[in-house]
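Enquirer: Right, I'll just put the structure down here and ask away after.
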Amino acid sequence: MLDVYSTNQIKVNSVSGTLVKNYRESFFVKFHLNSHLAESLLNINPALERIHNGPKVPVVVIQAMLCGDGVILAEVMHKTDFDALFEKT
């Protein structure tokens, strides 16, 4: 669990019941399963709004955990940052 950042391959170092931040550019989002945010994140093309009613930005959901009462905690990363991890330098 000490190697939490990766540069050229996907590594998710999570233990059952615990979410660990895996990438420097990732962030956590807390939302309810029946919310508009859930509809935006838990679909085939996940996206987040930058500012209220602003344009949606494509994201990648790295991992998610149901916390109870329909509350989900997800590690999310902007798709451009995620794709940059796999570009050849």
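Only the coordinates and a few stated rules stand behind these numbers; no lab work does. Note that the coordinates shown come from a computational prediction; the quantities given were computed from them, not determined experimentally. Glycine also receives a Cβ, built like all others from the backbone with ideal geometry; neighbour counts cover every protein chain displayed.
Enquirer: Determine ³J(HN,Hα), in whole Hz, for all residues of the stretch 51-57 in sequence, where each value follows from phi through the Karplus function 6.51 cos²θ - 1.76 cosθ + 1.60 and θ = phi - 60°; x replaces Gly and Pro.
Expert: 10, 3, 6, x, x, 7, 10
Enquirer: Same structure, new question: Within 15 Å, Cβ to Cβ, of GLY70, how many net charges do the neighbouring residues add up to if Lys/Arg are +1 and Asp/Glu are -1?
Expert: So the environment of GLY70 carries a net charge of -1.
Enquirer: List the GluC sites (Glu not before Pro) in the stretch 31-89 that DSSP assigns to loop (not H, G, I, E or B) and whose Cβ has at most 11 other Cβ atoms within 10 Å. Which are they?
Expert: Qualifying residues, ordered by number: GLU87.
Enquirer: Follow-up. Multiplying the sequence separation of SER35 and ASN53 by 0.36 nm and subtracting their Cα-Cα distance, what value in nm do you get?
Expert: Gain in length upon complete extension: 5.0 nm.
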